[in-house]
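Participant: Before we start, here is the structure in question, set down as structure tokens.
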Amino acid sequence: MTARPDAYTAALQAAHDHALQWLDSQQTRKVPPRATVDDLLPLLGGPLPDVPTDPAEVVELLAKEAEAGLMAIPSGRFFGWVIGGTLPAALAADWLVSAWDQNAGLRAITPATAAVEQIAAGWLLDVLGLPETADVGFVTGATMANFTCLAAARQAALMKAGWDLDREGLNGAPPLQLLVGAERHETVDLALRYLGLGAPTVVAVDDQGRILPAALEAALRPGPAIVCLQAGNIHSGAFDPVAECVEIVHRYGGWVHVDGAFGLWAAASPSLRPRVPGLELADSWATDAHKTLNVPYDSGLAIVADRAAIRAAMGLQASYLIRDEAGDPFEKVPELSRRARGVPVWAALRSLGRQGITDLVDRLALRARQLADGLGQVPGATVVNDVVFTQVSVSFGDDETTRAVTAELLREGTAWMSGSVWQGRAVLRVSVSNWSTDEADVATSVDAVARASARVRAGGAS
Ligand SMILES: *Cc1c(COP(=O)(O)O)cnc(C)c1O
């Protein structure tokens with residue numbers, strides 16, 4: 001090995017120092033970046049140097065120039081889309097994953113990461129109240145979790161209909177019914193596209209975006225079917241009535257998949273769990289660890305009750321691999337080579353413990369409630385959803401005013417919330433996903449929205 005033992009020291013030390021500075025700055029900094037992509041290109045670009053640069057110098061350059069272009073996503077005042085922060089143990093474990101540089105696909109080759117991921121999978125199923133015999137694949141996010149679960153669903157549904165997908169492909173396959181609620185996340189459609197399954201049939205939802213079981217039953221026909229439910233609507237936080245829908249779909253012999261990218265975590269809280277009755281009865285579940293669990297990007301979980309189905313869809317035979325009879329991690333994910341992204345999940349769970357996980361989920365929901373209460377007091381503002389989890393949608397009257405308040409809030413930059421359109425109406429959408437958001441962040445952010453709204457109402461907004 002030509003690398004000296006201290007080859008990494010200065011570069012890692014520089015990264016460590018800058019990481020701490022960045023995290024410290026979250027308390028006081030404005031949330032939005034100050035620089036644009038075009039501002040940054042010349043600072044970090046130019047022609048590729050002909051000769052090597054000292055590693056620590058490269059890290060210094062990167063940290064110094066990138067800083068102005070970073071969004072303060074780890075800030076307690078960031079409420080955009082549904083994006084979590086990072087727990088300390090998870091972040092530090094993620095650094096180790098990079099240092100260890102394990103290619104985490106095979107038990108016999110990387111036993112430490114395989115063991116850690118196996119333990120994390122067991123803990124996850126336990127805290128989420130899912131069948132302990134289910135399989136967990138560590139993927140990049142809920143998009144790939146939806147893809148992985150729906151690949152297993154496709155395989156199983158067609159096999160049940162007597163069709164060998166691996167040999168015959170989709171050409172001439174029996175028709176597969178695909179049903180989704182009108183407010184499913186777009187990545188469900190994307191996953192179906194990846195799988196060559198085309199556009200799903202859309203089933204009506206109620207005023208909170210929950211699928212209507214009667215409409216689902218009316219749409220179902222005998223024959224192979226996959227039904228995608230949702231735990232956690234990005235605008236309302238609402239949960240589809242899983243128990244009722246599972247009863248209907250299973251009566252027809254279909255597969256129920258639940259997209260619970262952030263909402264699946266309600267099941268980890270004894271007080272919120274009653275909002276998702278029957279969750280454990282579904283056939284597959286997609287969720288993120290980088291949202292509610294506050295593991296660094298990227299980290300998603302594909303959970304499938306039927307171990308044979310996920311392994312049939314994602315497994316691979318190759319003579320050069322060293323296989324383990326117990327089954328290998330790569331059989332549950334689309335990738336063969338990948339980083340050990342289950343390790344930060346293990347660290348998050350291990351550092352929180354059962355009580356800490358419950359507290360995290362309950363606290364996110366409490367902060368959403370507090371934000372809804374505060375925002376509801378802002379003159380002209382109306383909270384338009386039932387706040388049942390971590391999501392709050394607010395209107396400021398007509399769509400034009402709502403958009404103007406959103407733009408004004410983001411221009412000031414004290415807090416970040418994203419604009420959206422829900423059920424035909426413009427809304428300011430608040431998602432509480434960061435473990436560190438405290439009551440002071442809530443108060444500061446409500447004040448920022450009140451200021452933005454007052455400026456718009458006074459006609460003074462830019
Ligand atoms: C975020 C989200 C997704 C997509 O997840 P990624 O982690 O961005 O891939 C899917 N479904 C829902 C409900 C989400 O909130």
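Residue-by-condition table, conditions (1) within 24 Å of S98 (Cα to Cα); (2) open to solvent by 40 Å² or more (accessible area, probe 1.4 Å); (3) not in a helix (DSSP H, G or I):
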site: D6; (1), (2), (3): yes, yes, yes
site: L12; (1), (2), (3): yes, yes, no
site: D17; (1), (2), (3): yes, yes, no
site: L20; (1), (2), (3): yes, yes, no
site: Q27; (1), (2), (3): no, yes, yes
site: P32; (1), (2), (3): no, no, yes
site: D38; (1), (2), (3): no, yes, no
site: L41; (1), (2), (3): no, yes, no
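Participant: Kindly provide the set of residues from segment 26-69 that are hydroxyl-bearing (S, T, Y) and more than 29 Å from the chain's Cα centre (by Cα), ordered by number.
Facilitator: Hit for segment 26-69 is T53, nothing else.
Participant: Taking strands (runs of 3 or more DSSP E) that do not extend beyond segment 253-304, which have at least 2 residues that are within 15 Å of Q230 (Cβ to Cβ) and in contact (Cβ under 8 Å) with a residue 40 or more places away in the chain?
Facilitator: Counting at least 2 such residues, we get 255-259, 284-288.
Participant: Now for a separate question. Residues to consider are G260, G253; find the one that is touching a strand residue (DSSP E or B) at 6+ places or on another chain (Cβ under 8 Å), of a type in the set (G, A, S) and open to solvent by less than 10 Å² (accessible area, probe 1.4 Å).
Facilitator: One residue alone meets the criteria, G260.
Participant: Still on this structure, I have one more. For segment 59-84, how many residues meet the condition of being farther than 30 Å from G263 by Cβ and open to solvent by 70 Å² or more (accessible area, probe 1.4 Å)?
Facilitator: Counting residues in segment 59-84 that are farther than 30 Å from G263 by Cβ and open to solvent by 70 Å² or more (accessible area, probe 1.4 Å) gives 4.
Participant: A follow-up question, please. Can you report the number of residues in segment 221-246 which are more than 16 Å from the ligand (Cβ to nearest atom) and either over 18 Å from S284 (Cβ atoms) or open to solvent by 10 Å² or more (accessible area, probe 1.4 Å) (or both)?
Facilitator: The number of residues fulfilling the criteria is 7.
Participant: Mind listing whichever residues of segment 422-451 are under 17 Å from N385 (Cβ atoms), part of a loop (DSSP other than H, G, I, E, B) and open to solvent by 10 Å² or more (accessible area, probe 1.4 Å)?
Facilitator: Q423, G424
Participant: Pick from V188, V202: which is within 13 Å of the ligand (Cβ to nearest atom) and either in contact with a helix residue (DSSP H, G or I) (Cβ under 6 Å, 6 or more places away or on another chain) or at pLDDT 95 or above (or both)?
Facilitator: Of V188, V202, the one residue that is within 13 Å of the ligand (Cβ to nearest atom) and either in contact with a helix residue (DSSP H, G or I) (Cβ under 6 Å, 6 or more places away or on another chain) or at pLDDT 95 or above (or both) is V188.
Participant: Scanning segment 135-163 for residues that are in a loop (DSSP other than H, G, I, E, B) and more than 16 Å from the ligand (Cβ to nearest atom), which turns out surrounded by the most Cβ atoms within 10 Å (Cβ to Cβ)?
Facilitator: W163
Participant: Something else: Could you list, in sequence order, all residues of segment 266-288 that are within 14 Å of the ligand (Cβ to nearest atom) and either in contact with a Lys or Arg (Cβ under 8 Å, 6 or more places away or on another chain) or open to solvent by 10 Å² or more (accessible area, probe 1.4 Å) (or both)?
Facilitator: A266 - this is the single residue of segment 266-288 that is within 14 Å of the ligand (Cβ to nearest atom) and either in contact with a Lys or Arg (Cβ under 8 Å, 6 or more places away or on another chain) or open to solvent by 10 Å² or more (accessible area, probe 1.4 Å) (or both).
The values are calculated or read from the model by the stated rules, or taken from the named source; none is laboratory data. All of these numbers come straight from a predicted model, not from anything done at the bench. Don't worry about glycine lacking a Cβ; one is built from the backbone with ideal geometry, like all the others, and counts go over all protein chains shown. Surface areas here come from the heavy atoms of the whole protein model, side chains and all, with no ligands, DNA or RNA. Shrake-Rupley method; radii C 1.70, N 1.55, O 1.52, S 1.80 Å.
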